[in-house]
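Report on one structure; see the data block that follows.
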Amino acid sequence: MNSIELQIGAQRFILKGEDEEPHLHEVGEMVRRKVEALKKKNPALNLQRASMLAALDLASQLIKGKKKALDYRAEVVARTTTLLDRVEGEITKP
């Protein structure tokens, strides 16, 4: 198991996971930047509230990304089916 140490605000965290360290660093950095951006917009936010808002925003982005990927996949399948039908039509012409 890999682990990294990161600091968000005045807090230090140990992030552990099966993923490679570069991925853990990227995850930690993304969260840190999101929390710091929220605190910069609203300095009255404490770390806990800023972290929860960051989590909600990142979850929203994830859900939108998944939907976009599924929509794209459906479009690719539809176009592929249309092309396959055309090819089969050309092949079976007398």
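The values are calculated or read from the model by the stated rules, or taken from the named source; none is laboratory data. These numbers were taken from a predicted model, which means no experiment stands behind them. Glycine gets a Cβ as well: all are built from the backbone with ideal geometry, and neighbour counts include every protein chain shown.
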* Asked: Has segment 53-67 got at least one residue that is among the hydrophobic types (A, V, I, L, M, F, W, C), touching a Lys or Arg at 6+ places or on another chain (Cβ under 8 Å) and surrounded by 10 or more Cβ atoms within 10 Å (Cβ to Cβ)?
  -> yes
* Tell me, which residue of segment 1-13 that is loosely packed, with under 10 Cβ neighbours inside 10 Å and at pLDDT below 95 is farthest from Ala55 (Cα to Cα)? -> Met1
* To do: Scan segment 14-40 for residues that are surrounded by fewer than 13 Cβ atoms within 10 Å (Cβ to Cβ) and touching a strand residue (DSSP E or B) at 6+ places or on another chain (Cβ under 7 Å) and jot them down.
  => Ile14, Lys16, Glu20, Glu21
* Asked: How many residues are outside any helix (DSSP H, G or I), more than 24 Å from Ser3 (Cα to Cα) and touching a helix residue (DSSP H, G or I) at 6+ places or on another chain (Cβ under 6 Å) if we restrict to segment 15-71?
  -> 1
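Could you list, in sequence order, the residues of segment 1-14 that are assigned to a strand (DSSP E or B) and small (Gly, Ala, Ser)?
Ser3
Condition check ((1) among the hydrophobic types (A, V, I, L, M, F, W, C); (2) within 19 Å of Gln11 (Cβ to Cβ); (3) modelled with pLDDT of 95 or more; (4) more than 17 Å from the chain's Cα centre (by Cα)) across all residues:
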residue: Ala37; (1), (2), (3), (4): yes, yes, yes, yes
residue: Arg49; (1), (2), (3), (4): no, yes, yes, yes
residue: Leu62; (1), (2), (3), (4): yes, no, yes, no
residue: Val77; (1), (2), (3), (4): yes, no, yes, yes
residue: Thr81; (1), (2), (3), (4): no, no, yes, yes
